[in-house]
Amino acid sequence: MLSVRRITILCVLLLASLQAALAAEKPGLPAVVLYAPSPCLSCIDWADHLRKNGFEVTMMETLSANMPRLKRWLNVPSELESVHTATVAGYFIEGHVPAEDILLLLKERPVARGLAVPGLPRGTPGREISNPVCETACIILDNGGQARDIRREAYTTLLVESDGSTSNFARH
């Protein structure tokens, strides 16, 4: 049988080790689970963008044929679809949404389904090109005045409301 003194010592040691463990953990952001077809280098680059902004990202390779079913399960409106879909803190994140928009979503915690950047706009995180990128959307013209190369497109991050409607969340 343990004495009161030994029980007290064990409790103090247990409490001290618990406090040390809690102090060692730094408060972090909620984990992101990224569902993406393989190989999708832009999806991998987007995950790296999130990691650089403090998120822990788990990539789940998903067959391209299974992505529509996953998007339906997460209530992503079909007109807002992109290639990859992620989840974080009960929200879906569709497409190449910037980390700053996700951080704002997590701060404000609106009653909504999630955020979406439909399609694959050039210049979004993970869709940057190596050429110098201008500050506003720009197109490189050839000598005949025809569009040759789009370096960056202006885009909007949409907040998807609970009823599926959308509103502008951020402009980039």
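Just name the residue that is surrounded by the most Cβ atoms within 10 Å (Cβ to Cβ) out of those in the range 25-56 that are among the charged types (D, E, K, R) and either in a helix (DSSP H, G or I) or in contact (Cβ under 8 Å) with a residue 24 or more places away in the chain (or both). Ranking the candidates gives ASP45 first. Filtered by the rule that a residue be open to solvent by 40 Å² or more (accessible area, probe 1.4 Å), part of a loop (DSSP other than H, G, I, E, B) and more than 10 Å from ALA112 (Cα to Cα), the range 150-172 gives GLU153, ALA154, HIS172.
Of all residue pairs spaced 6 or more apart or on separate chains, those with beta-carbon atoms under 6 Å, a first member in the range 142-166 that is under 29 Å from GLY90 (Cα atoms) and a second member that is basic (Lys, Arg) and at pLDDT 95 or above are THR156/ARG171; VAL160/ARG113. Within the range 82-129, the set of residues being among the acidic types (Asp, Glu) and either surrounded by 17 or more Cβ atoms within 10 Å (Cβ to Cβ) or in contact with a Gly (Cβ under 7 Å, 6 or more places away or on another chain) (or both) comprises GLU94, ASP101. Within the range 66-108, the set of residues being out of contact with any strand residue (DSSP E or B) (no Cβ under 9 Å at 6 or more places or on another chain), free of Cβ contacts under 8 Å to residues at least 60 places away in the same chain and closer than 16 Å to ALA170 by Cβ comprises ALA99, LYS107, GLU108. Taking the range 67-83 as the range and being in contact with a Pro (Cβ under 9 Å, 6 or more places away or on another chain), farther than 16 Å from LEU158 by Cβ and not β-branched (Val, Ile, Thr) as the test, only MET67 passes.
The values are calculated or read from the model by the stated rules, or taken from the named source; none is laboratory data. Quick caveat, the model's predicted, so the values are computed rather than measured. Here the Cβ is made from the backbone with ideal geometry for all residues, glycine too, and neighbour counts use every protein chain on show. Just the protein is used for accessible areas: all its heavy atoms, side chains included, with ligands, DNA and RNA removed. Shrake-Rupley method; radii C 1.70, N 1.55, O 1.52, S 1.80 Å.
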